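Data first, discussion second: the structure below is written as structure tokens.
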Amino acid sequence: QVQLVESGGGLVQPGGSLRLSCAASGSIFRLNVMGWYRQAPGKQRELVATLTSGGRMDYADSAKGRFTISRDNAKNTVYLQMNGLKPEDTAVYYCNLVQTYLNYWGQGTQVTVSS
């Protein structure tokens, strides 16, 4: 079994920054994809960014140039550095891990961008 625990969400003013962290524990395979998705009220969950264990990154257009995904494979931890936050970035952010075609989700962390 795999557990994902997110941290780092909160309230920030427009233009501010936040860093999200997600620590994975349990049966973590060497080859996997970790990433972040978000879901705003009344909207579907959407991709923010993913990063494979081999270093391949993928970003949503809305995240390019503002957000940076990184990971520490030794700690099975993925990070999302978010800069230049906008009110439209307000959502619950979910950590995701995919390995051997199995999909795991964290409980989510709230990010609110408001003045």
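The values are calculated or read from the model by the stated rules, or taken from the named source; none is laboratory data. Keep in mind the model is a prediction, meaning the values are calculated, not measured. For neighbour counting, all protein chains shown are included, and Cβ atoms are generated from backbone atoms with ideal geometry for every residue, glycine included. Protein only, heavy atoms only, side chains kept; ligands, DNA and RNA dropped before computing areas. Shrake-Rupley method; radii C 1.70, N 1.55, O 1.52, S 1.80 Å.
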Yes/no for Gly54 being assigned to a loop (DSSP other than H, G, I, E, B), in contact (Cβ under 8 Å) with a residue 12 or more places away in the chain and open to solvent by 60 Å² or more (accessible area, probe 1.4 Å) = yes
Hits in the stretch 12-29 - residues which are on the phi < 0 side of the Ramachandran plot and free of Cβ contacts under 8 Å to residues at least 40 places away in the same chain = Ser27
May I ask you to list pairs of residues, at least six apart or on different chains, whose Cβ atoms are under 6 Å apart, with the first in the stretch 66-79 being in contact (Cβ under 8 Å) with a residue 12 or more places away in the chain and the second being charged (D, E, K, R) and open to solvent by 40 Å² or more (accessible area, probe 1.4 Å)?
-> Val78/Arg71
Considering residues of the stretch 13-32 that are assigned to a strand (DSSP E or B) and more than 16 Å from Ala63 (Cβ to Cβ) only, the residue least open to solvent (accessible area, probe 1.4 Å) | Ala24
